[in-house]
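No lab work stands behind these numbers, since they all come straight from the coordinates. Nothing here was measured: the structure is a model prediction, and the numbers come from that model. Please note: Cβ atoms are built from the backbone with ideal geometry, for glycine as well, and neighbour counts cover all protein chains shown.
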Amino acid sequence: MKAIILLGIALAFVSCTTTGQRNSIEPLLVTQESIANQPAGRAYIIVPRTGAVYDVAPGIDYSRVLVRTSSKPEMTVDQYVSGLGLKFAGQEVLLGSLDDLVVVLPPDDGGGSEADCPSGSGICTCIGRKDCSDLSKKGVCKSGPNDAACGKGFGGGSRWGCSCQKK
């Protein structure tokens with residue numbers, strides 16, 4: 001009987017200490033190899049979903065990678081990223097919801113900035129994990145899986161930055 005009670009206490013403790021912690025997200029890699037595995041003439045289709053982050057490698061054949069969303073027709077990665085107000089130059093790009101993207105951003109490399117949500121614009125930008133995490137927590141961005149993108153140099157400079165659609 002004592003063993004059952006101790007087991008119950010241990011399980012309750014574990015449950016309490018893990019509640020509210022964010023599970024890690026393993027990015028889904030989109031590489032030249034994954035594109036080459038598609039039948040000839042068929043594109044690799046990214047279908048953003050909550051809890052998933054797509055890591056699109058630099059220098060791949062972007063003409064064979066399309067993003068499918070519920071609100072827009074299929075579009076190239078360049079069109080998708082440009083729609084978030086970002087300039088895409090073939091660098092590595094992460095696609096997903098801002099909440100999910102913050103989990104996989106590299107640690108900040110120093111410095112800091114405030115998130116920028118210009119009035120009259122439907123886009124917010126942030127630079128670095130802390131700034132983007134703060135922006136995510138404020139709740140000003142749409143929370144859908146196809147409403148944000150991150151990349152090196154997004155938001156200015158050479159650090160990782162993100163852009164999201166405002167609510």
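Enumerate the calculated ³J(HN,Hα) couplings along the stretch 159-167 in order (Karplus 6.51 cos²θ - 1.76 cosθ + 1.60, θ = phi - 60°), each rounded to whole Hz, writing x wherever the residue is Gly or Pro.
3J(HN,Hα) across the stretch 159-167, in whole Hz: 7, 5, x, 9, 9, 9, 7, 6, 5.
Restricting things to Cα coordinates, could you compute the convex hull volume per residue of the stretch 23-165 in Å³?
On the way: hull volume 15.3 nm³, N = 143.
With only Cα atoms used, the stretch 23-165 gives 107 Å³ per residue.
Determine ³J(HN,Hα), in whole Hz, for all residues of the stretch 26-34 in sequence, where each value follows from phi through the Karplus function 6.51 cos²θ - 1.76 cosθ + 1.60 and θ = phi - 60°; x replaces Gly and Pro.
After applying 6.51 cos²θ - 1.76 cosθ + 1.60, I find 9, x, 8, 7, 10, 10, 4, 5, 5 Hz.
List the aspartates and glutamates whose Cα lies under 14 Å from the Cα of Lys138, skipping any in the same chain that are fewer than 8 positions away.
Leaving aside aspartates and glutamates fewer than 8 places away in the same chain, those within reach of Lys138 are Asp99, Glu114, Asp116.
Dipole magnitude of the stretch 23-165 about its Cα centre, charges +1 at Lys/Arg Cβ and -1 at Asp/Glu Cβ only, in debye to the nearest 20? Walk me through the numbers before you get to the answer.
Details: 13 positive and 16 negative charges, 63 e Å.
In debye, rounded to 20, the stretch 23-165 gives about 300.
Name the residues whose placed amide hydrogens come within less than 5 Å of the amide hydrogen of Trp160, ignoring near sequence neighbours (fewer than 5 apart) on the same chain.
When sequence neighbours closer than 5 places are left aside, the close amide H contacts are Gly128, Gly153.
Report the calculated FRET efficiency for Ser119 and Ser70 (r = Cβ-Cβ distance, R0 = 25 Å), to the nearest 0.05. Spell out each step's value before the answer.
On the way: r = 27 Å, r/R0 = 1.10.
Working from the Cβ atoms, E equals 0.35.
Where the Cα atoms of the stretch 30-103 are projected onto their three principal axes, how long is each span, largest first, in whole Å?
The Cα atoms of the stretch 30-103 stretch 34, 25, 22 Å along their principal axes.
Tabulate in residue order the Karplus-calculated ³J(HN,Hα) for the stretch 123-131, using 6.51 cos²θ - 1.76 cosθ + 1.60 with θ = phi - 60°, rounded to whole Hz; enter x for Gly and Pro.
Once rounded to whole Hz, the list reads 10, 10, 10, 8, 10, x, 4, 5, 4.
How many nm is it between the label spots at Arg49 and Lys166, if each spot is 7 Å from the Cα in line with the beta carbon?
Going from the Arg49 label point to the Lys166 one covers 3.2 nm.
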